[in-house]
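Down below is the structure, laid out as C-alpha cells.
The values are calculated or read from the model by the stated rules, or taken from the named source; none is laboratory data. Worth saying up front: this structure is predicted, and the values here are computed from it rather than measured. Every residue, glycine among them, receives a Cβ derived from its backbone with ideal geometry; neighbour counts consider all protein chains shown. Side chains included, ligands, DNA and RNA excluded: accessible areas come from the protein's heavy atoms. Shrake-Rupley method; radii C 1.70, N 1.55, O 1.52, S 1.80 Å.
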Amino acid sequence: MNHDKSTHRAPPRWRRTSRSRGGRRFGELRLLALGAVLAGLGYAQLAGDNEAAASPSARNPFGLCDAGRSANCVVDGDTFWLEGEKIRVADIDTPETHPPRCAREAELGERATRRMQGLLNEGPFELAAADRDQDRYGRKLRIVTRDGRSLGDVLVSEGLARPYAGGRRSWCGT
C-alpha cells in the first residue's frame, strides 16, 4: 500500500455536519455579542472618566482650604487645589488674603475667594495650558474656562480681579 502524503486528502468541506457548522456560527455570534457588550462597557467607562475629569466638583465639591485640606479647595481668588495639584489661574490677579496689606484688600480678597469657589462648583470646567507650565512656586499655570469663557474674566468683570500683567500691584490704593 502506498502511503505517500501527497495522495492523502482531507475530507471535503461538504461532509461537515450541519451541527458543527451551526455550532461554529453560534460561537461567532457569541463572540460578536460579547465584543459589543465589552465595547459598550468600555464606552460607558470612558464617558464617565471624561465627565469626572471635566467636572471634579461633581465628585468632590470645592471647599475653602485650611491647614488640613489640600484636595479640591480654594486658597484665594486665583489659586486652588485640584486632585492634589496646586493650580494658579494664569490670566488674572486677585487681592491677597495671606496676608492682606489693608482692609480693602482683605475684603476684596475674601469676596474673590468665595466667588472663585462658587464658579468652580457651578459645573464642569476645563483647564488650558498657559505660556508656561508652572510658576516659581511650583503651581501649575492654567486658564480655567467653562463654555469657552475664562472664569478669570468673570472675576474681572465683577471687579474682583484684574488681568494678570506680571508682578505685584497694590489693591490698597484708591
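Would you confirm, using the coordinates I've provided, whether residue 139 is touching a residue at least 60 places away in the same chain (Cβ under 8 Å) and either in contact with a helix residue (DSSP H, G or I) (Cβ under 6 Å, 6 or more places away or on another chain) or within 13 Å of residue 94 (Cβ to Cβ) (or both)? So that I can check it myself, show each step before the final result.
On the way: touching a residue at least 60 places away in the same chain (Cβ under 8 Å): yes; either in contact with a helix residue (DSSP H, G or I) (Cβ under 6 Å, 6 or more places away or on another chain) or within 13 Å of residue 94 (Cβ to Cβ) (or both): no.
Here the answer is no, as residue 139 does not meet what is asked.
Looking at residue 91, is it more than 25 Å from residue 66 (Cβ to Cβ), open to solvent by 80 Å² or more (accessible area, probe 1.4 Å) and of a type outside the set (A, V, I, L, M)?
Numbers: more than 25 Å from residue 66 (Cβ to Cβ): yes; open to solvent by 80 Å² or more (accessible area, probe 1.4 Å): no; of a type outside the set (A, V, I, L, M): yes.
So residue 91 does not fit the description; no.
Just checking, how many residues over the stretch 134-152 are of a type in the set (Asp, Glu) and open to solvent by 80 Å² or more (accessible area, probe 1.4 Å)? Show your work before the answer.
To start, the set of residues in the stretch 134-152 that are of a type in the set (Asp, Glu) comprises 135, 147.
Cutting the leftovers down to open to solvent by 80 Å² or more (accessible area, probe 1.4 Å) gives us 147.
So the count comes out to 1.
Which of the residues belonging to the stretch 160-174 are touching a residue at least 12 places away in the same chain (Cβ under 8 Å), assigned to a loop (DSSP other than H, G, I, E, B) and open to solvent by less than 40 Å² (accessible area, probe 1.4 Å)?
160, 161, 171
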